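J.: My questions will all concern the structure given below.
The values are calculated or read from the model by the stated rules, or taken from the named source; none is laboratory data. Source: prediction; values computed, not measured. Glycine also receives a Cβ, built like all others from the backbone with ideal geometry; neighbour counts cover every protein chain displayed. Surface accessibility is based on the protein's heavy atoms, side chains included, excluding ligands, DNA and RNA. Shrake-Rupley method; radii C 1.70, N 1.55, O 1.52, S 1.80 Å.
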Amino acid sequence: MIELKKLSKSFTDADNTVHAVKEVDLTIEDGDIFGIIGMSGAGKSTLVRCINMLERPSEGDVLIDGVSLSSLSEKELREKRREIAMIFQSFNLLMQRNCLQNVCFPMELAGIRPSEARKKAKELLETVGLGDKVNAYPSQLSGGQQQRVAIARALATGPKVLLCDEATSALDPATTRQILDLIRDINRKYGITVIIITHQMSVVESICQHVAILDQGRVVEQGSVQDVFSDPVSAAAKALVFPEGYLDVLESGRKGSRYLRVVFDGSQATDTPLIAKMAVEKGIIANIAYASTREIGGRTFGSMLLSIEEKNHDFQEALAYFSDAPGVSCGEVMRDAE
Amino acid sequence: MLNELLSAAERAEACSVIQSTFLTAIWETLYVTIIATFFAVLIGLPLGVILVIGEKDGIRPLPAWLMRLLNFIINVLRSIPFLILMILIFPFTRLIMGTVVGTRASIVPLVMAAFPFVARITESSLREVDAGSIEMARSMGSSTWQIITRVLIPESVPSLIANVTLTLTNILGYSAMSGIIGGGGLGKIAINYGYYRYKYLVMFCAVILLILMVQAFQSAGTALARRCDKRLR
Ligand SMILES: Nc1ncnc2c1ncn2[C@@H]1O[C@H](COP(=O)(O)OP(=O)(O)OP(=O)(O)O)[C@@H](O)[C@H]1O
Ligand SMILES: [Mg+2]
């Protein structure tokens, strides 16, 4: 279990202080895939670098299985870091070493016998699907392949935790998919706790179980991905969950109508034509302003933005109607929510 | 003048000088250059490493005054003209070699002139190493020493080889100048025969040989650096 306790980090230079991370409290259970998402500059990288103490927190502490990292000596901390592997946006392979030697790198640091390290490295490259690239140099590999080597390297010392800082941000969507699948397989196979830092909701949706939303250094919302997705509360969460264009629709919306956001769980709600039924049963006409579907954790979620005219309590009735429907959650979206 | 230069008598004399002295001179030049380069790298490389890791945001920050002192010494040594440096450090040369003249003694000023240069170019080579690689090494629990020996230096080997080659060719050039304090080699021959005795043909031959040696070292160094670099393929 990883616990962040009132973790803060500020950077001070000559004329000002930047509070990059502010009083973050998080608990991440063993075996979880935990997403930390936020806009650029929200403090994600700083937060993740505090988790392995590459950055010493200004205040607060990180506990891994109850052990406080800030109480460790430099040497003990180096030992501990072998349990907390990390992969990066830019892969950070050593360019003068081939794949095998790159995967051997952390084992060299740990003083594992070279013959043993090479054997383990070959197995790991096999695991990440690069058994045939053992002698290739990073410059001969695609981005996706380089990230696979980096993952193999991260696994070399048998870590308990894998930190991924924007690990797929430099990759195209198809490769991102493959790398995320690989990370999920590893999470299942080795039971490694994975922390995924990203600015893309799609990454969180596709593999995370839990998510925390970071805004200006603070965790403004956290919970299971499904809960946060279907019912975002904070403005930052809404901005991330609502796809682009969503807010434009709101901006340009007609006066005299209100907006209702309806999220339905595809496995339960797709059989009923809810909007048609509402029109027939209640006589309420809803205009679909925006609609999309997404997959979260293998389940399909649909999300719609309905505009409903503000007359005869239509809006309240529609709200009540959708609230009662099974597998549906809904809420009003304010025009000036942002 | 050309006629005079290439007259039969001149040619015969030059030939005999070349036969009797050039082999030793080439050997002395090589010997001085290689030994001086070796010591310049031995001293300059660690200093270059310190310049990189010891700075404020480096991986092992050192006291600011120490860094300033180090930078000062390097800058001062780099800005003294070689001819003057050679004379300035006579006492030091005598301390180490027991004498200030001769081939062996000329190694000392050469090292003194070259190690600050090596420190600077090592510094610039090491700065080329991707900060991400260092971050990665730190995240895996590398000690400072492991970062230096397993990341910083190995990752900049091609650039270091190119820079050592540059040092070597520089020292080769300076070693010719040390002919003035009796340092042996092709430089001494060029000065003795060309400057003092007006035997220009001998001087030309010596100079051409020096040029060829620089070319050979440079080509070999560049080829080696390229072969070592795994980024290019
Ligand atoms: N070493 C540093 N010195 C000073 N300020 C820093 C430092 N590192 C980060 N910051 C500041 O802290 C804030 C958070 O930065 P951070 O890199 O953690 O953001 P991020 O969420 O990872 O952004 P991105 O998505 O762009 O990577 C920024 O305002 C940044 O300028
Ligand atoms: Mg970042």
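J.: Given the residues A:Ser169, A:Ser73, which is the only one that is at pLDDT below 95, within 16 Å of ligand 1 (Cβ to nearest atom), open to solvent by less than 60 Å² (accessible area, probe 1.4 Å) and within 14 Å of another protein chain (Cβ to nearest Cβ)?
T.: Testing whether each residue is at pLDDT below 95, within 16 Å of ligand 1 (Cβ to nearest atom), open to solvent by less than 60 Å² (accessible area, probe 1.4 Å) and within 14 Å of another protein chain (Cβ to nearest Cβ) leaves just A:Ser169.
J.: Of the numbered conditions (1) more than 10 Å from chain B (Cβ to nearest Cβ); (2) open to solvent by less than 50 Å² (accessible area, probe 1.4 Å); (3) in a helix (DSSP H, G or I), A:Ala154 satisfies every one except a single condition; which is it?
T.: Answer for A:Ala154: the failing condition is (1).
J.: A further question follows. Answer yes if at least one residue in the stretch A:76-96 is on the phi < 0 side of the Ramachandran plot, within 16 Å of ligand 2 (Cβ to nearest atom) and not in a strand (DSSP E or B), and no otherwise.
T.: Yes, because at least one residue in the stretch A:76-96 is on the phi < 0 side of the Ramachandran plot, within 16 Å of ligand 2 (Cβ to nearest atom) and not in a strand (DSSP E or B).
J.: Let me ask something additional. Determine whether the stretch B:88-109 contains at least one residue that is within 20 Å of B:Cys228 (Cβ to Cβ) and part of a helix (DSSP H, G or I).
T.: Checked against the condition, which is being within 20 Å of B:Cys228 (Cβ to Cβ) and part of a helix (DSSP H, G or I), the stretch B:88-109 yields no hits at all.
J.: Just for the stretch A:102-113: of the residues that are buried (at least 19 other Cβ atoms within 10 Å of the Cβ) and more than 8 Å from chain B (Cβ to nearest Cβ), which one is nearest to B:Leu232 (Cα to Cα)?
T.: From the stretch A:102-113, those buried (at least 19 other Cβ atoms within 10 Å of the Cβ) are A:102-107, A:109; that's our starting set.
Pick out the ones that are also more than 8 Å from chain B (Cβ to nearest Cβ) and you get A:102-104, A:107.
On the way: A:Asn102: 17, A:Val103: 21, A:Cys104: 22, A:Met107: 27 Å.
The selected residue is A:Asn102.
J.: In this structure, does A:Ile192 turn out to be in the same structural domain as A:Ile84 (by TED's automatic domain parsing) and under 9 Å from the mean Cα position of the chain (by Cα)? Step through it out loud before you land on a result.
T.: Working: in the same structural domain as A:Ile84 (by TED's automatic domain parsing): yes; under 9 Å from the mean Cα position of the chain (by Cα): no.
No: the conditions fail for A:Ile192.
J.: Moving to a separate point now. Run A:Thr27 past the list (1) in contact with a strand residue (DSSP E or B) (Cβ under 8 Å, 6 or more places away or on another chain); (2) of a type outside the set (A, V, I, L, M, F, W, C); (3) touching a residue at least 40 places away in the same chain (Cβ under 8 Å) and report the number of the one that doesn't hold.
T.: Among (1) in contact with a strand residue (DSSP E or B) (Cβ under 8 Å, 6 or more places away or on another chain); (2) of a type outside the set (A, V, I, L, M, F, W, C); (3) touching a residue at least 40 places away in the same chain (Cβ under 8 Å), the lone unmet condition for A:Thr27 is (3).
J.: Given the conditions (1) away from ligand 1 (no atom under 15 Å from the Cβ); (2) part of a strand (DSSP E or B), which single one is not true for A:Ile37?
T.: With respect to (1) away from ligand 1 (no atom under 15 Å from the Cβ); (2) part of a strand (DSSP E or B), A:Ile37 is out only on (1).
J.: Which residue, of A:Lys5, A:Lys9, is in a strand (DSSP E or B), of a type outside the set (A, V, I, L, M, F, W, C) and within 16 Å of ligand 2 (Cβ to nearest atom)? Break it down into steps so the answer makes sense when it comes.
T.: Values: A:Lys5 fails: within 16 Å of ligand 2 (Cβ to nearest atom).
After applying the criteria, what remains is A:Lys9.
J.: Another one. Working only within the stretch B:69-86, note down all residues that are assigned to a helix (DSSP H, G or I) and farther than 16 Å from B:Ser175 by Cβ. If you could, list the steps in order and put the result at the bottom.
T.: Pass one, the stretch B:69-86, residues assigned to a helix (DSSP H, G or I): B:69-79, B:82-86.
B:Leu69, B:Leu70, B:Asn71, B:Phe72, B:Ile73, B:Ile74, B:Asn75, B:Val76, B:Leu77, B:Arg78, B:Ser79, B:Ile84, listed by residue number.
J.: Does the stretch A:109-120 include one or more residues that are modelled with pLDDT of 95 or more and of a type in the set (S, T, N, Q)?
T.: Among the residues of the stretch A:109-120, at least one is modelled with pLDDT of 95 or more and of a type in the set (S, T, N, Q), which makes the answer yes.
J.: Further, regarding this structure: Restricting attention to the stretch A:189-243, and to residues there that are within 23 Å of A:Cys50 (Cα to Cα) and among the charged types (D, E, K, R), which single residue is nearest to ligand 1 (Cβ to nearest atom)?
T.: Filtering first and then ranking leaves A:Asp215.
J.: Further question: Condition first: assigned to a strand (DSSP E or B) and open to solvent by 40 Å² or more (accessible area, probe 1.4 Å). Now tell me which residues in the stretch A:295-328 satisfy that.
T.: First pass over the stretch A:295-328, keeping only residues assigned to a strand (DSSP E or B): A:295-296, A:299-309, A:328.
A:Glu295, A:Arg299, A:Thr300, A:Glu309, listed by residue number.
J.: Among (1) of a type in the set (Val, Ile, Thr); (2) modelled with pLDDT of 95 or more; (3) buried (at least 18 other Cβ atoms within 10 Å of the Cβ), which single condition is B:Ile59 missing?
T.: So B:Ile59 meets the others, but not (2).
J.: Here's something else I'd like to know. With respect to B:Leu126, is the statement that it is within 21 Å of the chain's Cα centre (by Cα), within 14 Å of chain A (Cβ to nearest Cβ) and open to solvent by less than 50 Å² (accessible area, probe 1.4 Å) true?
T.: Spelling it out, B:Leu126 is indeed within 21 Å of the chain's Cα centre (by Cα), within 14 Å of chain A (Cβ to nearest Cβ) and open to solvent by less than 50 Å² (accessible area, probe 1.4 Å).
J.: Additional query: Give me the pairs: first residue in the stretch B:91-107 and under 20 Å from B:Leu172 (Cα atoms), second residue open to solvent by 90 Å² or more (accessible area, probe 1.4 Å), beta-carbon distance under 6 Å, and six or more apart or on different chains, which are they?
T.: As it stands, the answer is B:Val100/B:Arg94, since those pairs meet every condition given.
J.: Could you run through the stretch A:26-61 and say how many residues are away from chain B (no Cβ under 14 Å), more than 16 Å from ligand 2 (Cβ to nearest atom) and surrounded by 14 or more Cβ atoms within 10 Å (Cβ to Cβ)?
T.: Residues flagged as away from chain B (no Cβ under 14 Å), more than 16 Å from ligand 2 (Cβ to nearest atom) and surrounded by 14 or more Cβ atoms within 10 Å (Cβ to Cβ) within the stretch A:26-61 amount to 12.
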